[in-house]
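Before any comments, here is the structure.
The values are calculated or read from the model by the stated rules, or taken from the named source; none is laboratory data. These numbers were taken from a predicted model, which means no experiment stands behind them. Glycine gets a Cβ as well: all are built from the backbone with ideal geometry, and neighbour counts include every protein chain shown.
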Amino acid sequence: MSGSTAVINQAPQIRTLLSAFDKLADPSVSDFTSSIPERFEEAALHVSSQNLLVSDFVLRNRMMMKPMIEKFHGNAGTLTASVQESIQLLDDPTTKIVVSTHQPNLFAYGGVFKKIVMLENIRNLSAPVGHSKIINLFLIVDHDFVDETWMRVAQLPSINHSSGIMELRAPITDSKRWLMVCNVPLPSKGLVNNWKHQVKSWIRNCSESQPQIRNKSNAHFEEFWQQIVETSYSRARSYSELNSFITSNLVNHAWGYSTLFVRLSDLAQVFENGFTFLLSNFGLYSDALRGIEQKLMSRGIDTGVSSSAYQNAPVWIHCSCGSKASAKLLRDETTANLAGTCTSCKKYLELSLGKQDDLDISKVVKDLSPRAIPIPLLLSRDLGISCYASGTGGIGYLLDGSVVAKKMSLNFPYIAIWSSKDKYLGIGQLPASSDEYPRDEDIDNQLKTLQKRSEICREKMGPLLAIRRKCIAKSSSLHEVLSEIFSLKEEQRHIHQQINFLSRARNIENLAPCFIDYVANFGMKETERLWTEHLAHDGRLAAPVIFR
């Protein structure tokens, strides 16, 4: 596909994403925002310059994680030689770990894979410096509710759809919407085949007049479907595994990365000491979270974190029905308990944590998982990670976490954010750039102009309809007024067509499509090459990636 020819004069900056936070003039906040790099080279240099020798405690946790990683890759069929080499590096106290996380979304959007690509390139660039050992680890957040939209919906640009977007969906009944995604059954073969049929139809409809492009897109898609999707489906036992295996097969087989994958739901025992620490110091945790959120809200800054989050324990309680409960920490004079009501079945759940001044969660840790804010704290404290890659959606949570970490005297991981948009004209975007509707100005301004013209037409129509009624009453000639009405209606019809088209084009322009869009337009390996090329030759983490 041909890339956008637009010249980028002033590329956005990571600093722009953080400008609202900087207005707080809070040292703990500015420490966090000022540490986030603008360029890829900064992140790579930071990781490579770290001198690391982890404690016995951290090394034990890393080694405890090995069988969980081997289990995942064994199940996924991605236990390659390079993956096995990375697993063995967990035994070495000088090994650095760079981490990205995400839910097992349906055909995840490009940003999920870009985090992995960025960390792999950090690993490649940093490893030769002093022969350091680096592991690229991807943590599958598989204990979130399947009700979350992107867990079940994948989007592709399509001017032929009324919204400009075609959706692939994994339907979930009301009785299962509050299940943790790790407990959702594997979808039927019929549904998976239907997704394939939808994509094939989308390719055909988007490239009707371009047979060569259609053939190329079909070839790319068939390769992805047979090698990645079909292979993953044959090995998966759940919906979460299907989506996770697709990501692992793409990364470990198609791209040949040594990235390690592990399910968060398997790591409760690895984080047992971390859970105990957070629960034992819940007062500090809660006060720090409440303080920063109140300060942010007073300035009208919404991080996406619930205003009552500080009241909740830093962990969820799992329910036997497959869902989970938001928990409160209850204390009396001698004991401590976690308690909450299951979101799905409404069962009241309560777990004993033992003596409040000496918590023992060993018997219940298997029924716990961390909330979002504690995850990077646990990764830093218990696994000694060197870098955490995030998308823009997690910035608010990370800011809160960095402030909480400082209040609790914990190290917070170095954060790298690759926030750039990908610019290209693929088969789904090309119709929206049609010369039939020239766009010399941005779409929003054009829509405002068209809406004003539509309003003017409506205002002109009123008097003409009144004249028509008078002519009918007087039996006068209607020819002239009907001609004007017809012309005005034709103009209105054309304006409404333009508004409808531009509304769809705007949705396409703003869409972050699922990975299938990249597959159809560029293929699996070329997509990875173009992302890597941007990091190597441009390096700006907020600048658009121009696909050519």
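Taken together, the criteria exclude Val54 from residues that are aliphatic (A, V, I, L, M), modelled with pLDDT of 90 or more and over 24 Å from Leu410 (Cβ atoms). Of everything in the stretch 43-63 that's more than 23 Å from the chain's Cα centre (by Cα) and under 30 Å from Gln13 (Cα atoms), which residue is surrounded by the most Cβ atoms within 10 Å (Cβ to Cβ)? Out of the qualifying residues, it is Val47. Test Phe271 against the stated conditions and say whether it is surrounded by fewer than 22 Cβ atoms within 10 Å (Cβ to Cβ) and either within 30 Å of Thr532 (Cβ to Cβ) or among the aromatic types (Phe, Trp, Tyr) (or both). The answer is no for Phe271. Of all the criteria given as (1) more than 21 Å from the chain's Cα centre (by Cα); (2) under 23 Å from Leu156 (Cα atoms), the one not satisfied by Val545 is (1). Residues in the stretch 370-401 that are polar (S, T, N, Q) and under 20 Å from the mean Cα position of the chain (by Cα): Ser390, Thr392.
Quick one: count up the residues across the stretch 429-459 that are among the charged types (D, E, K, R), modelled with pLDDT of 70 or more and assigned to a loop (DSSP other than H, G, I, E, B).
Within the stretch 429-459, residues that are among the charged types (D, E, K, R), modelled with pLDDT of 70 or more and assigned to a loop (DSSP other than H, G, I, E, B) number 1.
Figure legend. Inter-residue proximity from the stretch 78-91: first residues in the same structural domain as Asp56 (by TED's automatic domain parsing), second residues outside any loop (DSSP other than H, G, I, E, B) and among the charged types (D, E, K, R), beta-carbon distance below 7 Å, spacing 6+ or different chains. Indicated pairs: Leu79/Glu70; Ile87/Lys66; Ile87/Glu70; Leu90/Arg62; Leu90/Lys66.
Please verify whether Gly462 is in a helix (DSSP H, G or I), free of Cβ contacts under 8 Å to residues at least 60 places away in the same chain and surrounded by 16 or more Cβ atoms within 10 Å (Cβ to Cβ), treating the condition exactly as stated. Walk me through how you get there before you give the answer.
Values: in a helix (DSSP H, G or I): yes; free of Cβ contacts under 8 Å to residues at least 60 places away in the same chain: yes; surrounded by 16 or more Cβ atoms within 10 Å (Cβ to Cβ): no.
No, not satisfied.
Looking only at residues in the stretch 332-387 that are more than 30 Å from Ser49 (Cβ to Cβ) and acidic (Asp, Glu), the one that is surrounded by the fewest Cβ atoms within 10 Å (Cβ to Cβ) is Glu333. Scan the stretch 115-167 residue by residue and report those that are at pLDDT below 90 and surrounded by 19 or more Cβ atoms within 10 Å (Cβ to Cβ). Residues satisfying the conditions are Leu125, Ser126, Ser132, Ile159.
The residue that is nearest to the chain's Cα centre (by Cα), counting only those in the stretch 467-485 that are surrounded by 13 or more Cβ atoms within 10 Å (Cβ to Cβ) and part of a helix (DSSP H, G or I), is Ile485. Within this structure, Ile228 passes the test of being of a type outside the set (D, E, K, R), more than 21 Å from His161 (Cα to Cα) and touching a residue at least 60 places away in the same chain (Cβ under 8 Å).
Taking the numbered list (1) within 27 Å of Gln198 (Cβ to Cβ); (2) crowded, with 16+ Cβ neighbours inside 10 Å in turn, Asn510 passes all entries but (2). For the stretch 281-311, filtering for residues that are assigned by TED's automatic domain parsing to the domain that holds Gly401, closer than 22 Å to Asp367 by Cβ and touching a residue at least 40 places away in the same chain (Cβ under 8 Å) leaves 3.
Annotation: Val262 fulfils all but one of (1) within 30 Å of Arg123 (Cβ to Cβ); (2) free of Cβ contacts under 8 Å to residues at least 60 places away in the same chain; the unmet one is (2). Within the stretch 170-194, restricting attention to residues that are surrounded by 13 or more Cβ atoms within 10 Å (Cβ to Cβ) and without any contact (Cβ under 8 Å) to a residue 24 or more places away in the chain, which residue is nearest to Ser320 (Cα to Cα)? Filtering first and then ranking leaves Leu191.
Looking at the stretch 183-235, which of the residues that are of a type in the set (A, V, I, L, M, F, W, C) and modelled with pLDDT under 95 is nearest to Arg169 (Cα to Cα)? Quick ask: steps written out before the conclusion?
Initial filter on the stretch 183-235 (of a type in the set (A, V, I, L, M, F, W, C)): 184, 186, 191-192, 195, 199, 202-203, 206, 213, 219, 221, 224-225, 228-229.
So of that shortlist, the ones also modelled with pLDDT under 95 come out as 206, 213.
Working: Cys206: 20, Ile213: 26 Å.
My answer is Cys206.
Could you tell me whether Ile495 is in the same structural domain as Asn124 (by TED's automatic domain parsing), surrounded by 17 or more Cβ atoms within 10 Å (Cβ to Cβ) and not aromatic (Phe, Trp, Tyr)? So Ile495 fails the test. Candidates Ser362, Ser352: the one that is in contact (Cβ under 8 Å) with a residue 12 or more places away in the chain, in a strand (DSSP E or B) and closer than 15 Å to Phe275 by Cβ is Ser352. Right, Ser207: more than 30 Å from Glu70 (Cα to Cα), surrounded by fewer than 19 Cβ atoms within 10 Å (Cβ to Cβ) and over 26 Å from the mean Cα position of the chain (by Cα) or not? No. Only one of the numbered conditions (1) farther than 19 Å from Ile375 by Cβ; (2) touching a residue at least 24 places away in the same chain (Cβ under 8 Å); (3) of a type outside the set (Phe, Trp, Tyr) is violated by His102, and that is (1).
Taking residues in the stretch 20-37 that are under 14 Å from Asp400 (Cβ atoms) and loosely packed, with under 14 Cβ neighbours inside 10 Å, and partners anywhere that are among the small types (Gly, Ala, Ser) and at pLDDT 90 or above, not one pair has Cβ atoms closer than 7 Å while being at least 6 places apart or on different chains.
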